[in-house]
Amino acid sequence: MTQLPVSTDRKLGLVIDLDTCVGCHACVISCKGWNTENYGAPLSDQDAYGANPSGTFLNRVHSYEVTPAEGPAQLVHFPKSCLHCEDAPCVTVCPTGASYKRSEDGIVLVNEDACIGCGLCAWACPYGARELDALEGVMKKCTLCVDRIYNENLPEIDREPACVRTCPAGARHFGDFADPESAVSVLARERGGIDLMPGQGTKPVNKYLPPRPKQDRATDFDILAPYLEPVADSPQGFLGWLDAALEKLPGGTTAAKTEDT
Amino acid sequence: MHPAPSVIIFTVFSGLGFGMLVFLGLGVPPVTGWVAFALYAIAYAAAVGGLMASTFHLGNPQRALRAFTQWRTSWLSREGWLAVLALIVMAIYAFAAVFLGSLPRAIGWLGAGLSLATVYATSMIYAQLKTVPRWNHWLTSAYLVMLSLGGGALMTGQMTTAAALLALAAAAQVAHWQIGDSALARSGNTLASATGLGAPGQVRAFEPPHTGTNYLLREMVHVVGRKHSRKLRMIALTLGFGLPVILLIIPGAGHVLGTLAVLSHLVGVIASRWLFFAEAEHVVGLYYGKRAA
């Protein structure tokens, strides 16, 4: 059914910490691996070793440069996968009912047997979270590793999405946002977790933690700098005499005048 | 958005075919017998041909029947229902007109209404998308519906009506371009709102997620050169609307000028529809730094 549930019992989703992510793309690889070997159609590649490689991915890591008005520029790695929106526009546009949002845990899924591959859901998603597999002709998207999180054949420690399990920096967290005291809810609250493109009205479940401002730490970073100053602004002794002598030679200086130092 | 030939053929020809069915259903012209047969054959070829073309871009067209199930929420599903109902009702009306020489008014009006509703449903598939600000406007429906009616009037030989409707369609077209050109900027979607990184400072896309291209870029991040698009807009306006209107208002315009008007209109509308897709900016392009906004 493409009618969205009025409410879901749980709201499973991710917190992605943009301050911690190092941009290693391990989550991209583990996601591709798990979702190729397990539930649903494999994530195919086209011309994988050729001149124009392309493939289906459920998770992609962008990198952005942020330049503050003052202070150093910052590089922010930005993993992006399905945000499992509460008002998921991808679900309601689906003509076949292949796309649906589960009322028990809020996960947005595609029933691949019913998908005609029209691509309208990918058009309706502002985040680029859905990709039509070029080989299978069905829409692929993040399942929040629904075949891991409830999988009793896996050790308990592995019952979380592959991207979260693999992240070496601890930048991805999985949990239930319906519970205000869950780890992800607390994290999002304390670190000011934000929604992507709030203007689209999708009410995403996944939250992004903004990077901590680096310029605040610029002074701390510099404590040893005075002792390591490599250039003498006002030369003393022999260098002072040399400087003054050179100044007296005809021809002047190319740089700013420094005779009164 | 990617201007796929299948969606261009689909929207142009099904729009034209259902536009014809609107006029035939209303009984203008009140044709019967062989003339009716010829007109209905053209209308059905265009409408059904267009709908068939739309299945070419499906990944799994063999499951297309499932698209009739979600009419409660999906405009695409509603369009499917309306198209099939319109074609069935108009087939009954056409049978009566061609073989019985009668024009049952109630059936004709119902068929005309369903045909018009089909075109409206098609327009809503695009107009509903918040992710494509250029389309997310009532002018998208105005543009597609007026064009369908203008083309339908032209194809059914309603010269004066066609000239008037095409002039209105041209106005909708120009307004759609005018409003559309600033739609992305006005929508408030920017790289800053997409990434939430606007508070720390100026955001710039530094590195895309992969070295190669991908489905998202192929499907939703089509970039047209401005010079190119300006020329095509002139071609679309001249051939799609201007020339046909001039040809139609020539007194005593016969079949030769009429055919010329139809051909010119078709070429112009195809150019216009190519632009409709090619110029539409999907907000996902922001993540790739492909949008100026």
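In which sequence would A:78, A:174, A:238 go, from the one with the fewest C-beta neighbours within 10 Å to the one with the most?
A:238, A:174, A:78
Sort A:233, A:176, A:158 so the one with the fewest other Cβ atoms within 10 Å of its own Cβ comes first.
The most exposed by this proxy come first: A:233, A:158, A:176.
Give me the percent of DSSP beta bridges within the protein assembly as shown that run antiparallel, rounded to the nearest 5.
90 percent
In whole angstrom, note down how far apart the Cα centers of the stretch B:261-283 and the stretch B:141-198 are.
Spelled out, the Cα-based centre of one part sits 11 Å from the other.
Work out how much length residue A:156 to residue A:3 would gain on full extension: take 0.36 nm times their residue separation and subtract the Cα-Cα distance, in nm to one decimal.
Extending this stretch completely gives an extra 51.7 nm.
Please determine, in degrees from 0 to 90 and to the nearest 10, the orientation of helix A:26-37 with respect to the longest principal axis defined by the Cα atoms of chain A, where the helix direction is its Cα long axis.
20 degrees
Is the stretch A:12-210 best put as rounded, prolate or oblate by its Cα gyration tensor, with a ≥ b ≥ c the root eigenvalues, rounded for a/c under 1.5, and otherwise prolate when a/b is larger than b/c, oblate when not? Don't skip to the end; give the middle numbers.
On the way: a/c = 1.38, a/b = 1.24, b/c = 1.12.
In terms of gyration-tensor shape, rounded.
Sequence gap at least 6, Cα distance under 8 Å: using those rules, report the relative contact order of the stretch B:158-293 to the nearest whole percent. Please list the in-between numbers first.
Numbers: 115 pairs, mean separation 50.3, N = 136.
Relative contact order, the stretch B:158-293: 37 percent.
Please give the calculated 222 nm ellipticity per residue for chain B, where each DSSP H segment of at least 4 residues contributes -39500 (n - 2.57) and the sum is spread over every residue; nearest 500 deg cm²/dmol?
-21000 deg cm²/dmol
Rounded, prolate or oblate for the stretch B:152-219? Axes are the square roots of the Cα gyration tensor eigenvalues, ordered a ≥ b ≥ c, and the cut-off for rounded is a/c under 1.5.
Oblate shape, in that a/c is at least 1.5 and b/c is the bigger or equal ratio.
What's the average, rounded to a whole number, of partner chain beta-carbon atoms within 10 Å of each residue's beta-carbon in A:94-104?
Averaged over the peptide's residues, the number is 5.
With 10 angstrom as the radius, rank A:147, A:195 by how many other C-beta atoms surround their C-beta, starting from the fewest.
A:147, A:195
Could you tell me which of rounded, prolate or oblate describes chain B, using a ≥ b ≥ c as the square roots of the eigenvalues of the alpha-carbon gyration tensor, with rounded for a/c under 1.5 and, failing that, prolate when a/b is larger than b/c and oblate otherwise?
prolate
Give the average, rounded to an integer, of partner chain Cβ atoms located within 10 angstrom of each Cβ in A:43-50.
Values: counts 0, 0, 1, 1, 1, 1, 0, 1.
Whole-number average of other-chain Cβ neighbours for A:43-50 is 1.
Counting other C-beta atoms within 10 Å, and keeping those with at most 10, which DSSP coil GluC sites (Glu not before Pro) do you find in the stretch A:1-80?
Passing both the DSSP loop test and the Cβ count: A:70.
For a bin width of 20 Å, list the pair-distance distribution of the protein assembly as shown built from all Cα-Cα distances, rounded to whole %.
19, 43, 24, 11, 3, 1
Over the whole of B:126-134, what's the average partner chain Cβ count within 10 Å per residue? Rounded to a whole number, please.
Rounded to a whole number, the mean comes out at 4.
Take every Cα pair under 8 Å in the stretch B:1-128 that's 6+ residues apart, average their separations, divide by the length, and report that relative contact order as a whole percent. List each step's numbers first, then the result.
Numbers: 167 pairs, mean separation 45.4, N = 128.
The normalised contact order for the stretch B:1-128 reaches 35 percent.
Please work out the C-alpha center-to-center distance from the stretch B:46-122 to the stretch A:43-100 and express it in whole Å.
Result: 36 Å between the Cα centres.
At 27 angstrom or more along the helix axis (alpha-carbon based) and mean Kyte-Doolittle of -0.5 or higher, what helices does chain B contain? Whole DSSP H runs only. Don't jump to the answer; show the numbers that get you there.
Numbers: long enough: B:5-26 (31 Å, 2.02); B:33-54 (31 Å, 1.55); B:75-95 (29 Å, 1.53); B:105-127 (33 Å, 1.01); B:159-181 (32 Å, 0.95); B:255-278 (34 Å, 1.52).
Qualifying helices, which must be both long enough and hydrophobic enough, are B:5-26, B:33-54, B:75-95, B:105-127, B:159-181, B:255-278.
Coordinate-derived values only; no laboratory data. As the structure is a computational prediction, the values presented were derived from the model and not from experiment. Positions of Cβ are generated from backbone atoms using ideal geometry, with glycine treated the same way; all protein chains shown enter the neighbour counts.
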